[in-house]
Structure formats: C-alpha cells, structure tokens
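The values are calculated or read from the model by the stated rules, or taken from the named source; none is laboratory data. All figures in this text were calculated on a predicted structure; none of them were measured in a lab. Here the Cβ positions follow ideal geometry from the backbone for every residue, glycine too, while neighbour counts run over all protein chains shown.
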Amino acid sequence: VLPVAVISKKRDGLELSEAEIRFMIDGLVDGSVPDYQISAWAMAVLLNGMSEVETACLTDAMLESGGRLARASDRPRVDKHSTGGLGDKVSLVLAPLLACCEVDVPMLSGRGLGITGGTLDKLEAYSGYRCDLTPLEIDRQLQRLGCVITGTTPDIAPADKKLYLLRDVTGTVPSIPLITASIMSKKLAATLDALVLDVKFGSGAFMQDLESARRLAGSLQATGERMGVDTRVILSDMNQPLGRMVGNACEANEAVQILQGQGPSDVRQLTLALGAELLVAIGRYQQTSLAVTALAEMIDNGAALRRYQLMIEMQGGEYKDQLPLAASSVLTSSSEGWLAGLDGQLLGQAVIELGGGRRKLGDRIDATVGLEMLVRIGDRIEHQQPLVKIFSASNATSRKAAYELLESAFSYSSEPVPPLPLIVSEGITAS
Ligand code: URA
C-alpha cells in the first residue's frame, strides 16, 4: 500500500478497505507515514466522509494502537461521554452516583479546550486532586470505590493523541467520522458493557444545530454497537449553560449541591436520565422510570455525596463542601423584554477572558473565576435586572473585556419566548 494511493482513493470519494485504514493509522503511530500525508488524508476524510464500516475500522485501528484498562471486578462497567458544553458538570455527579448502584465507572476524561470546560479541570479545583492515575491505580480504585475520574493514560489510543494534534492545526477537527473514531477509541479502551452519550446542540456546543448533533449521535452510536458495546444516546440542549454555574470551582460547588439534593433541576434531570439509560442497558431495570427512582434515592439518602467525597480524597484531593470563589460583581440588564438568546460562544470567551479557560494547550487556569447565570431563556427581563454574577480575580482590562462579551451575549424579544426543552430525545438505541 502506498500512502498517496490511499489519499487519492479517499479524495475521489471511494470507500477504503480495513487494510488501507490500518496502514494509515499504523504509519501515523510508527512514523512511517509522514504528518503531511496523514493531514492530506484527514482532509480527504473531512471532505468526503466515511461509511459506517470505514468509521468502525478507523475506531478499531485507533483503539488497537494502544492498550485497554484491565477488568478485575465482576461488576458491570459503564461510562458516559458528553460532547461538551458550558456548565456541564454531570460527570462529577454521575460517576459516584452510578458507583452506588454496584457498577464500575472508569471515567477517562479530558481538559477544557476552546469554550467548553473539561471535567479534569473542574476536579483539579480541589487542591491536590490527581488526574494522572496509572492503570494499576485505576484498577485498585475501581475495586475499592467503583468510580474513578482521571485523564487518559499514555497507553490509551496513542494514535488519537497524534492525529488530534494534526487535526487541530489543519482544519480537520469538524469531521463526523474523525470525531467519532477519536471519542470512541478512547472510551472503548475502558472495556465497557454500556456507554451513554450526551450529544449536545446549540450555541454553546460543538454541534451548533440539532441536525448535525443527530448525525454525530447516529455515527457514535452505530460505531459503539458495531464494536459490541450497548451504546445509547441523549440529545440535549446547549443554547444556554446547564445549571447556573460556569467555571471550574463554581461547577464543582454546584455538583456538590446536586449531590446534596439541591441545586438546579436541569442538572439533576439530565444526570438521572443519563444514568438511567445505563442501568437499563445493563439490564438492572426494565423501565427507565424505575432506574431514575433508584438513582434519585442514592442522591437523597446521601450515599452519592459520600462516594464523591471518597473519590476526591482517594485521588489526593482536599474535599470541601463549597470551594472558595473569586470576588463577585453583577452585570445588570440595559434592555427589557423576554430573554430570547444567549450566545454560548461569547459566554465561553468571557470565562476565558476571566482566566477560567485556556487560549492554548498548557495555559494555567484560575479555578476560582466563573459565572453564575441568574436568568434563563424565556424569562421576562426588566431594565437593570441582575443577569449574571461574575466571579473575577483578573485585572481591570480582562474584566472589562469579559463584561463586554457578556453584555453582547444576551438577546431579547418584545414577544414572550417559550422556555427551551432540555432533552429533545432520549433512549435512542440502534435499530
Ligand atoms: N473530542 C474528542 O475527543 N475528539 C474529537 O475529535 C472532538 C472532540
């Protein structure tokens, strides 16, 4: 096989064989196919797409480029993946919550990049929390506690690490087959029985419209099923942040409120819906409503909060019910009407301006800064009404820039606006 032949075949819109896909991925990992040819091939994939079979072959080749987590316990293994959004702290609640239901949750998570936050950054708001557990430490913690949230180990899908770096600088990130293989190769390396995907759509999401989110959801699900894992999907709205809090310590604090049976109802609703899909998928319950009740009970009796605290401490973190936040100020409305839109890109950029997100890989972030959203789409807004509480430690220039971004993120209507449904489709399984 010659790399140029594989590139040309995809450029001409033809289907690649498993051998050709493996050849490119093996060549990427061992360096025998140079970066420029991999990049040209990735662009051909972005432009011409891949079939379901090709996408599954690519996922498998990327998965096989590394190792898998060992499986020492007999408990079912499940995981959740979200395509990312503002204020999405569901993983922090869901991993310990599921562990209380006698399942193992080996969550290998990522850092924030661009406007969306990362689960690892949120957990690192607890001083000392370790996100670099070794496979042996992951295994031990799963046996003792049933849940772990850590970074991917160097041995997991090394092909994805290399390919993502190239995609990031060659305009080839937004390709459904490449995104699918990237996400699924890392998730499936945890040897799961069931996986639930929270595919988000809207102004604060990777996929801005419902149609592209549906296409990504279909591709992720078909790939999971082809690879033998019961894979379920929920499509959820990201036209406004999930919950009230955005920012690392802000979100960790809100996750604790949810675990205490308090906090915003949308975070609890989505967490229970995602968890219930998994408990039904492994056959623990026949009906989603029964699974929701069982999960809610583990929050309401305090078990999930205790498990969360143990997880933080077992991973070296110093648990606090509420982490300290930066000093706050309030942005008030200069207009009136019904809140019709919140531009998630602008909200996310404001958090970056405050120092709560990264402009480039490796930037240091300030866990104490963030936002508390005081209004939701559909609310009637009066002149001078408080809109957002801003937790800010930054200098005057970046605070001013954040205020300007926030002000322009709000749009109003003179007519009443209906509130947005959070979950537009749930419980989708491959036919
Ligand atoms: N997240 C990933 O892990 N990979 C992608 O390609 C895009 C989002």
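A quick yes/no check of all residues on (1) basic (Lys, Arg); (2) under 30 Å from residue 366 (Cβ atoms):
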| position | (1), (2) |
| --- | --- |
| 54 | no, no |
| 77 | yes, no |
| 81 | no, yes |
| 104 | no, no |
| 117 | no, yes |
| 156 | no, yes |
| 164 | no, yes |
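Does any residue of region 340-361 turn out to be more than 26 Å from residue 124 (Cα to Cα), among the aliphatic types (A, V, I, L, M) and in a strand (DSSP E or B)?
Within region 340-361 (the criterion being more than 26 Å from residue 124 (Cα to Cα), among the aliphatic types (A, V, I, L, M) and in a strand (DSSP E or B)), the answer is yes, since at least one residue qualifies.
Quick one: which of 236, 182 is touching a Phe, Trp or Tyr at 6+ places or on another chain (Cβ under 9 Å) and away from the ligand (no atom under 14 Å from the Cβ)?
Residue meeting the stated conditions: 236.
Quick one: in region 75-115, which of the residues that are surrounded by fewer than 24 Cβ atoms within 10 Å (Cβ to Cβ) and among the β-branched types (Val, Ile, Thr) is nearest to the ligand (Cβ to nearest atom)?
Across region 75-115, the extreme among qualifying residues is 83.
Going by what's in this entry, would residue 205 be described as farther than 30 Å from residue 72 by Cβ and within 12 Å of the ligand (Cβ to nearest atom)?
yes
Go over the candidates 231, 172 one by one and state the one that is within 13 Å of the ligand (Cβ to nearest atom) and either touching a residue at least 60 places away in the same chain (Cβ under 8 Å) or of a type outside the set (Ser, Thr, Tyr) (or both).
None of the others qualify; the one that does is 172.
Inspect region 145-152 for any residue being more than 16 Å from the ligand (Cβ to nearest atom), touching a residue at least 12 places away in the same chain (Cβ under 8 Å), assigned to a helix (DSSP H, G or I) and surrounded by fewer than 21 Cβ atoms within 10 Å (Cβ to Cβ) and give the result as yes or no.
Yes, some residue in region 145-152 is more than 16 Å from the ligand (Cβ to nearest atom), touching a residue at least 12 places away in the same chain (Cβ under 8 Å), assigned to a helix (DSSP H, G or I) and surrounded by fewer than 21 Cβ atoms within 10 Å (Cβ to Cβ).
If you go through region 322-338 one residue at a time, do you hit one that is crowded, with 16+ Cβ neighbours inside 10 Å and free of Cβ contacts under 8 Å to residues at least 60 places away in the same chain?
Checked region 322-338: no residue is crowded, with 16+ Cβ neighbours inside 10 Å and free of Cβ contacts under 8 Å to residues at least 60 places away in the same chain.
Test of understanding: among 132, 168, which residue is assigned to a loop (DSSP other than H, G, I, E, B), of a type in the set (D, E, K, R) and surrounded by fewer than 23 Cβ atoms within 10 Å (Cβ to Cβ)?
So the residue among 132, 168 that is assigned to a loop (DSSP other than H, G, I, E, B), of a type in the set (D, E, K, R) and surrounded by fewer than 23 Cβ atoms within 10 Å (Cβ to Cβ) is 132.
Any idea which of (1) farther than 16 Å from residue 87 by Cα; (2) at pLDDT 95 or above; (3) among the small types (Gly, Ala, Ser) is the one residue 396 doesn't satisfy?
The one condition residue 396 does not meet is (2).
Go through (1) touching a residue at least 40 places away in the same chain (Cβ under 8 Å); (2) in contact with a strand residue (DSSP E or B) (Cβ under 8 Å, 6 or more places away or on another chain); (3) away from the ligand (no atom under 16 Å from the Cβ) one by one and return the number of the condition residue 195 breaks.
(3)
Since residue 297 meets every condition but one in (1) under 21 Å from the mean Cα position of the chain (by Cα); (2) free of Cβ contacts under 8 Å to residues at least 40 places away in the same chain, which condition does it not meet?
(1) is the only condition that residue 297 fails.
Somewhere in region 402-414, is a residue in contact with a Lys or Arg (Cβ under 8 Å, 6 or more places away or on another chain), part of a loop (DSSP other than H, G, I, E, B) and not basic (Lys, Arg)?
There is no residue in region 402-414 that is in contact with a Lys or Arg (Cβ under 8 Å, 6 or more places away or on another chain), part of a loop (DSSP other than H, G, I, E, B) and not basic (Lys, Arg).
Just to verify a result, which residue in region 116-127, among those that are within 16 Å of the ligand (Cβ to nearest atom) and in a loop (DSSP other than H, G, I, E, B), is nearest to residue 319 (Cα to Cα)?
Result: 118.
Run down 277, 297, 251 and say which single residue is modelled with pLDDT of 95 or more, within 24 Å of residue 103 (Cα to Cα), touching a strand residue (DSSP E or B) at 6+ places or on another chain (Cβ under 8 Å) and not hydrophobic (A, V, I, L, M, F, W, C).
Only one candidate passes the filter, namely 277.
Could you give me the residue pairs with C-beta distances under 6 Å whose first residue belongs to region 253-280 and is farther than 17 Å from residue 95 by Cβ, whose second residue is hydrophobic (A, V, I, L, M, F, W, C) and in a helix (DSSP H, G or I) wherever it lies, and which are 6+ apart or on separate chains?
Sorted first by the residue in region 253-280, then by its partner, the pairs are 261/299; 280/291.
Report yes if residue 46 is of a type in the set (A, V, I, L, M, F, W, C) and not in a helix (DSSP H, G or I), otherwise no.
So residue 46 fails the test.
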